[in-house]
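Input: a single structure, listed below in structure tokens.
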Amino acid sequence: MLPPEGMLCGVDEAGRGPLAGPVVAAAVILDPARPIAGLDDSKKLSARRREALAAEIRGTALAWAVAQASVEEIDRINILQASLLAMQRAVSGLVERHGLPPERVLIDGNRSPTLPYPVEAVIGGDGRIAAIAAASILAKTVRDAGMIELHAIYPQYAFDRHMGYPTAQHLAALRAFGATPEHRRSFAPVARLGRA
């Protein structure tokens, strides 16, 4: 179990690599008095375990928020800048929703958004810092739920299986059916294979 860190905000995103859907970020301030067992990088957890932990995070964290940057924003400003924008929105949402500004913000990765709080990027933070792991779990579960909703609209793409990542199945669907409005046209496989 990762240790709690007091009044700091952990931030992570989900969905930088997929060819479709938004990029989603979460910001979490955990309650040091209510540690959550089993927090880890969301990619190392089963979907069922992520869902259970996400519910626990929402119920016990001092503050949390989830935000996103749209496909249109990804295509306009690039995926890195869209990820940083989603992170900014998540931290702003956390403060607006709970009125609890963080003492400092730790971001998973090697790039940090501009924030009005002390901020630090931590490579591998989602496996080392509980608040970042919690943010990783919230971002991943929210994004996956959104992709499952898209699957209901576009079942031929099987978004419920690959969540928009460039699997062989997804690339075959792009070749067969072209791109949906939810595909990122700035990404090479979509630009190369998709058609408007």
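Side notes on the structure shown:
- Taking label positions 7 Å along the Cα-Cβ direction at both LEU100 and ARG161, the computed distance is 4.1 nm, reported to one decimal.
- Acute angle (nearest 10 degrees) that the helix 47-60 long axis makes with the longest principal axis of the chain, alpha-carbon atoms: 40 degrees
- Every Cα-Cα pair in the range 91-151 was counted, and those over 13 Å apart are 68% of them.
- Rounded to the nearest 10 degrees, the angle from helix 168-177 to the longest Cα principal axis of the chain is 50 degrees.
- The heavy atoms of ARG175 present about 130 square angstrom of accessible area, all protein chains included, probe 1.4 Å.
- When only Cα pairs below 8 angstrom with a gap of at least 6 residues are kept, the chain shows a relative contact order of 30 percent.
- Where the range 15-154 is the region considered: accessible area per residue in Å², 1.4 Å probe: 43 Å²
- Under the convention that each Lys and Arg Cβ holds +1 and each Asp and Glu Cβ holds -1, the size of the dipole of the range 1-105 around its Cα centre is about 220 debye.
- Here the chain was treated as a single set of alpha-carbon atoms; its pair distances binned every 10 Å from 0 give 10, 37, 32, 16, 4, 0 percent.
- Of all accessible heavy-atom area on the range 1-82, the percent that carbon and sulfur account for (1.4 Å): 52 percent
- On Cα atoms only, tilt of 79-98 relative to the major axis of the chain in degrees: 40 degrees
- Amide H contacts of VAL23 (H built 1.01 Å from N, under 5 Å, at least 5 apart or other chain): ALA69
- Taken about its Cα centre, the range 116-161 carries a charge dipole of roughly 60 debye when the Cβ of each Lys and Arg holds +1 and the Cβ of each Asp and Glu holds -1.
- Paired Rg and Dmax values of the range 82-196, which use every Cα atom, in angstrom: 17.3, 50
The values are calculated or read from the model by the stated rules, or taken from the named source; none is laboratory data. Remember, it's a predicted structure, so these values are computed and weren't measured experimentally. Every residue, glycine among them, receives a Cβ derived from its backbone with ideal geometry; neighbour counts consider all protein chains shown. Note: areas computed on protein heavy atoms with side chains; ligands, DNA, RNA excluded. Shrake-Rupley method; radii C 1.70, N 1.55, O 1.52, S 1.80 Å.
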